Amino acid sequence: MLRMAGRMLPRILAVLVLAGCAPTVAPPAGRVVEERAQAAEANLRQVALQGARALGCPDAVALEPEPPRPWRPRGVTFTSGGRPVSLAWLQAVPLSFCPVTRRVVVLASQPAGAPLQLGVAQVGDTLTDPQLQGQVVESGLRPLLAESFADCGQARVVDTTVLQAPGTMTTAWMESWTVAGCDRRMQVEVTFRPGPTGTAFSLRSG
């Protein structure tokens, strides 16, 4: 399980552990990510398809992955299985033949002295990273779902769409998150407002 300061990341839909070795000479971080992502592409697609099947898309096809983006959570210790993560990136995989969502985002992490791990961390087009998404789920969505899906233990976010893109890195933006479970669906509008100490958010159910 991936953890941030003792807390689990958002629910991982699929996880695959890969064998691999760290390079003997450490090139720049960006190049390391590109090389590792290229080597893991086949497994990346496999994890994306596992995530699609978990969302109810058994016939989904994984298309060409988008470029990897190096990532590290801010202000917390990033560990996996009790080991510090030395390298991590996010990489989106577009899907076809999946009416639920058009893409999944895979989180790849390399714990020190351990194999590379891949897991679906996000779905859809959200501009958030797994850290901010986790805060929205824990502080905003979970209380909301306790009311709207009180009798359903399977509700989860199955898609995200950007309704209003930010003009700059410091301006607000709005997204629509689709929550589904027990043959029910609900749209939740999430407004994000970046600030000097972090990104605030507010939710409104449709």
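The values are calculated or read from the model by the stated rules, or taken from the named source; none is laboratory data. Small disclaimer: the values here were computed from a predicted structure and weren't measured. Backbone-built Cβ (ideal geometry, glycine too); neighbour counts: all protein chains shown.
Hey, does the stretch 151-164 have a residue that's crowded, with 16+ Cβ neighbours inside 10 Å, of a type in the set (Lys, Arg) and not assigned by TED's automatic domain parsing to the domain that holds Gly51? The answer is yes; a qualifying residue exists. Criterion applied to Gln91, Gln117, Gln122 was being in a strand (DSSP E or B), of a type in the set (S, T, N, Q) and over 20 Å from Arg31 (Cα atoms), and the one residue passing it is Gln122.
Residue count for the stretch 71-120 satisfying the condition of being β-branched (Val, Ile, Thr) and over 20 Å from Glu41 (Cβ atoms): 6. Of the residues making up the stretch 154-206, those that are in contact with a strand residue (DSSP E or B) (Cβ under 8 Å, 6 or more places away or on another chain) and part of a loop (DSSP other than H, G, I, E, B) are Gln154, Ala155, Ala165, Pro166, Met169, Thr170, Thr171, Ala172, Gly206.
When you look at Pro143, is it surrounded by fewer than 22 Cβ atoms within 10 Å (Cβ to Cβ) and either within 10 Å of the chain's Cα centre (by Cα) or closer than 14 Å to Ala88 by Cβ (or both), yes or no?
no
Filtering Gly181, Gly198, Gly124, Gly119 for residues that are of a type outside the set (A, V, I, L, M, F, W, C), surrounded by 15 or more Cβ atoms within 10 Å (Cβ to Cβ) and farther than 19 Å from Arg69 by Cβ leaves a single hit, Gly181. For the criterion of being part of a helix (DSSP H, G or I) and of a type outside the set (A, V, I, L, M), Gln46 passes. Quick check on the stretch 100-108. Is at least one of its residues of a type outside the set (Ser, Thr, Tyr), assigned by TED's automatic domain parsing to the domain that holds Gln50 and out of contact with any strand residue (DSSP E or B) (no Cβ under 9 Å at 6 or more places or on another chain)? No, because not a single residue in the stretch 100-108 is of a type outside the set (Ser, Thr, Tyr), assigned by TED's automatic domain parsing to the domain that holds Gln50 and out of contact with any strand residue (DSSP E or B) (no Cβ under 9 Å at 6 or more places or on another chain). Checking Pro65, Pro58, Pro10 one by one, the residue that is modelled with pLDDT of 85 or more and touching a helix residue (DSSP H, G or I) at 6+ places or on another chain (Cβ under 7 Å) is Pro65 and no other.
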